[in-house]
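Reading through the structure tokens given below for one structure.
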Amino acid sequence: MTYVLELEKLESGYGETQVLFGVNLKARKGQITALLGSNGAGKSTTLWTIMGIVKPWGGKILFNGEDVTMLPPYKKVNIGMTLVPEGRRLWPQLTVEEHLIMAASIPRSKERAQEILEMVYQLFPRLKERRNQLAGTLSGGEQQMLAIARGLMLNPVLFMLDEPSLGLAPKLVQEIAETISKLRDEWKLTVLLVEQNIHMSMQIADYAYIIENGRIVLEGTVDELKENPMVKKAYLGL
Amino acid sequence: MEITKYLKKPSSYIMWLLIIVFGIVGVQYYAGYISASTAAIFMDLMKFIGIALSLAVIMSYTGYVSFGHVVFFGIGGFFTAYELSKYSQQILQGGNPYTIFLMGMLIGVGLSVLLAATVGAAVLRLRGAFFAIATIGLDYVILYLEMTYKGGAGGGEIYFNVSRPRFLEETYFVFFIAFVITLIIAYIVKVSKFGYGLAAIREDEDAAEVIGVDTVRYKIYAFMIAAGLAAIWGSVYSWRQFNFTPENFSLGISVDMIVMNVIGGLGTFIGPIIGAFIYYIIYRLTNTYLPQLAYIILGIIVVAVVSFLPEGVAGLIRSKFPNLRKYFE
């Protein structure tokens, strides 16, 4: 098994408050790895720390076996680490296509920009129809598509999604879930999915970690976790 | 192939129109068809637009308010005045004042850019109000340093004389060159990939980072450009005034720059230009007819704009006339 991302005893926090207390996590190549947990468990902080936007306090981040712990965010993006942040974080005053082109202007995707743009439009035909519309005027589901599409324009190897289902209707959650599966199966990406929506994640993920209070408390393949009495009780409501 | 060339660029028509109009005015003035007082209005306008655009690069494009931006205006002016007074003998004996002026300007601009890089590297890593406060502090530090300078006049004041036949007409073209340089640099920054990165920072800095914008470096570069442009205007202003006084470091000038940007509309290239026009007209009218109330009226207008037109005049035009949008970016 090769790992695209490995976290070793990762610690971080904000100001004086420590949030992560030695997180160990591995994202398997070509698979969807889910990081699950409730509000305030440290899921988003883990992603922001991986990207370097929140600085790690301790521990190691390995990307394809290389130590990238202290690399600044823009360099991480340029070696293929991509984060689709929670809440979409789009630029309301820019059009759909401007979002995509801006992302594709990094050195990493420049050469293939045109090609990736077409692939992205194939994945999200709706975005192609609305290419000249301002992002602020899109519906919630379309905004999430655009956030994902913008991430794809960065030509990622490791694709990290922070709560892509947040605030979407069940039908749209299903669509997003299918899209994420496609990214694994057709785009051959390694996905790290952070979610509160355990049902949706269990449906598409291959391997999952459960985080509580900044520590990984449980890990295993999805099938194992589904049978785990603690998971059943606390998360699946069975 | 650069994919960014597909981005729709704001139109440059208005910029060229301004350059042509102000250029024609200059030629007419030189030929004697326009009075010195009318030309002075155009020179003031160029200066207002110039300083507004200099601040726009960091405040309006990038979203970081350089509250003490006047410090660079002051530094540019100081070194210009310093060089011109130091070599006053040569100038009196028929030396070319323009080479000395240019030297002073280059020193002022160079030091401003250097200072912006140093201060920026230290402070632009922080977000929010820290940067604004740090630039105010910087302005005071440099102001008090400058006031210890005992030139001929003492108290930080420098006087010099470069009067020559047709000084005013020539000075119009000095302003005009600075004007063209400022417009073109501000426009290029706005439409370049760099400018889109700055816009991304302004709208959402974390989102800019996750799409690979080197935010710290971009912010520092923007600050350096803004500082250099402000220094150019401080320099040509001193040249025209024949002096430099600590007044050139007054935060009032900073407030002028900020107000012009706010009135015109943040985030746009055209905003500071419109803002400068409006601000200048109000400023002239109130100072002529109601001088005691001038700043009160300006204050009320600013409050009204911020409350009712948060996107400024350019924003208003863009939302009312979508067809004109590309001219008002």
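The values are calculated or read from the model by the stated rules, or taken from the named source; none is laboratory data. In this text the structure is predicted, and so the values were computed from the model without any measurement. All Cβ positions, glycine included, derive from the backbone under ideal geometry; neighbour counts span all protein chains shown. Just so you know, the surface numbers come from the protein's heavy atoms only, side chains and all, with ligands and any DNA or RNA stripped out. Shrake-Rupley method; radii C 1.70, N 1.55, O 1.52, S 1.80 Å.
Please report, in whole Å³, the volume per residue of the convex hull around the C-alpha atoms of the protein assembly as shown.
174
Excluding same-chain residues fewer than 8 positions from B:K86, which lysines have a Cα within less than 24 Å of its Cα?
B:K150
Amide H of A:Q31 versus every other amide H placed in the peptide plane: which residues, excluding those fewer than 5 positions away on the same chain, fall under 5 Å?
Those qualifying (amide H under 5 Å, at least 5 residues apart or on another chain) are A:V191.
Whole angstrom only: what separates the Cα centroid of region A:96-147 from the Cα centroid of region B:252-299?
39
Taking R0 as 41 Å, what FRET efficiency do you get between B:I296 and B:T148 from their Cβ-Cβ distance, rounded to the nearest 0.05?
0.70
In debye, nearest 20: dipole of the protein assembly as shown around its Cα centre with unit charges on the Cβ of K, R (+) and D, E (-)?
760
Helix B:270-289 sits at what angle to the longest principal axis of chain B, using alpha carbons and giving 0 to 90 degrees rounded to 10?
50
What number, in percent, do you get for the relative contact order of region A:87-155 if the mean sequence gap of Cα pairs under 8 Å and at least 6 apart is divided by its residue count?
Relative contact order of region A:87-155: 54 percent.
Only loop residues by DSSP count here, and only those with at most 14 other Cβ atoms within 10 Å; note down the chymotrypsin sites (Phe, Trp or Tyr not before Pro) in region B:15-118 that meet that.
B:Y33
Please report how far the C-alpha centroid of region B:106-139 lies from that of region B:49-89, rounded to the nearest whole angstrom.
Rounded to whole Å, the Cα centres lie 12 Å apart.
Roughly to the nearest percent, how much of the accessible area of region A:87-155 is carbon and sulfur, given a 1.4 Å probe?
Its accessible area is 44 percent carbon and sulfur atoms.
Distance in nm between label sites at A:K60 and B:S250, each 7 Å beyond Cα in the beta-carbon direction?
6.2
Once the Cβ-Cβ distance between A:Q133 and B:R325 is put in as r, and R0 is 22 Å, what FRET efficiency do you end up with, to the nearest 0.05?
Rounded to the nearest 0.05, the efficiency is 0.95.
List, in order, the whole-Hz ³J(HN,Hα) value for each residue of region A:23-40 obtained from phi through the Karplus relation with A = 6.51, B = -1.76, C = 1.60 and θ = phi - 60°; use x for Gly and Pro.
Using θ = phi - 60°, the values come out as 7, 10, 7, 9, 9, 7, 4, x, 10, 9, 9, 9, 10, 10, x, 8, 3, x Hz.
For region A:1-72, what % of the accessible area comes from carbon and sulfur atoms, probe 1.4 Å?
For region A:1-72, the apolar C and S fraction of the accessible surface comes to 48 percent.
Please report the equivalent ellipsoid semi-axes of region A:22-174, computed as sqrt(5 x eigenvalue) of the Cα gyration tensor, largest first, in whole Å.
Rounded to whole Å, the semi-axes are 26, 19, 13.
Is region B:182-329 rounded, prolate or oblate when judged by the Cα gyration tensor, a ≥ b ≥ c being the square roots of its eigenvalues, rounded requiring a/c under 1.5 and prolate requiring a/b larger than b/c?
oblate
What is the average number of partner chain Cβ atoms found within 10 Å of a Cβ in B:276-288?
0
Can you tell me the dipole magnitude for region A:87-155 around its Cα centre, using point charges on the Cβ only (Lys, Arg +1; Asp, Glu -1), in Debye to the nearest 20?
Around 180 debye, computed over region A:87-155.
How many nm separate the modelled label positions at B:R125 and B:Q28, each set 7 Å beyond the Cα in the direction of the Cβ?
5.4
Given contacts defined as C-alpha pairs under 8 Å and at least six residues apart, what's the relative contact order of chain B, whole-number percent?
Over chain B, the number comes to 30 percent.
Shielding by partners for B:63-69, please: the mean number of other protein chain Cβ atoms within 10 Å of each residue's Cβ.
The per-residue average across the peptide is 0.
Give me the net charge of A:L193's neighbourhood, meaning all other residues with Cβ under 11 Å from the Cβ of A:L193; Lys, Arg count +1, Asp, Glu -1.
Result for the neighbourhood of A:L193: -2.
Per residue, what accessible area does the protein assembly as shown have, given a 1.4 Å probe and all protein chains present, in Å²?
Solvent-accessible surface per residue comes out at 42 Å².
Counting only residues 5 or more places away or on other chains, whose amide H sits under 5 Å from the amide H of A:L218 once H atoms are built in the peptide plane?
The list, which skips near neighbours in sequence, is A:I210.
Using only protein heavy atoms and a 1.4 Å probe, how much accessible area in total is buried between A and B, to the nearest 100 Å²?
Interface between A and B: roughly 2400 Å².
What spacing in nm lies between the two simple spin-label points modelled at A:Q203 and A:E111, each 7 Å away from Cα in the Cβ direction?
Those two pseudo-labels are separated by 3.9 nm.
Less than 11 Å Cβ to Cβ from B:A121, Lys/Arg counted +1 and Asp/Glu -1: what total charge do the surrounding residues give?
Cβ neighbours under 11 Å give a net charge of +3.
Please name which of A:V77, B:I282, A:G52 has its Cα lying farthest along the dipole of the protein assembly as shown towards the positive end, using unit charges on Cβ (Lys, Arg +1; Asp, Glu -1) and the Cα centre as origin.
The one lying farthest along the dipole's positive direction is B:I282.
How large, in percent, is the carbon and sulfur part of the accessible surface of region B:2-327 at a probe radius of 1.4 Å?
That fraction is 69 percent.
Would you mind giving the mean number of other chain beta-carbons within 10 Å of the Cβ of each residue in A:102-112, as a whole number?
Taking all residues of A:102-112 together, the mean is 4.
Quick one: 3J(HN,Hα) in Hz for region B:131-140, Karplus 6.51/-1.76/1.60 with θ = phi - 60°, rounded, Gly and Pro as x.
The phi angles translate into 5, 4, 5, 4, 6, 5, x, 4, 4, 5 Hz.
Residue by residue through region B:202-213, which ³J(HN,Hα) values in whole Hz follow from phi under the Karplus form 6.51 cos²θ - 1.76 cosθ + 1.60 (θ = phi - 60°), with glycine and proline marked x?
Here the 3J(HN,Hα) series is 4, 6, 6, 5, 5, 5, 4, 5, 6, 9, x, 7 Hz.
For a bin width of 10 Å, list the pair-distance distribution of region A:87-155 built from all Cα-Cα distances, rounded to whole %.
Going from the shortest bin to the longest, the percentages are 24, 58, 18, 0.
Could you let me know the centre-to-centre spacing of region A:175-238 and region A:47-79, using Cα atoms, in angstrom?
The two parts, judged by their Cα centres, are 23 Å apart.
From the cross-link list A:K60/A:K110; A:K9/A:K233; B:K47/B:K190, which pairs have alpha carbons spaced over 25 Å apart?
Exceeds cut-off: A:K60/A:K110; A:K9/A:K233.
Quick one: divide the alpha-carbon radius of gyration of chain B by 2.2 N^0.38 Å and tell me what you get.
0.99
Treating the beta-carbon of each Lys and Arg as +1 and of each Asp and Glu as -1, no other charges, what is the dipole magnitude of chain B about its Cα centre, to the nearest 20 debye?
The calculation lands at about 580 debye.
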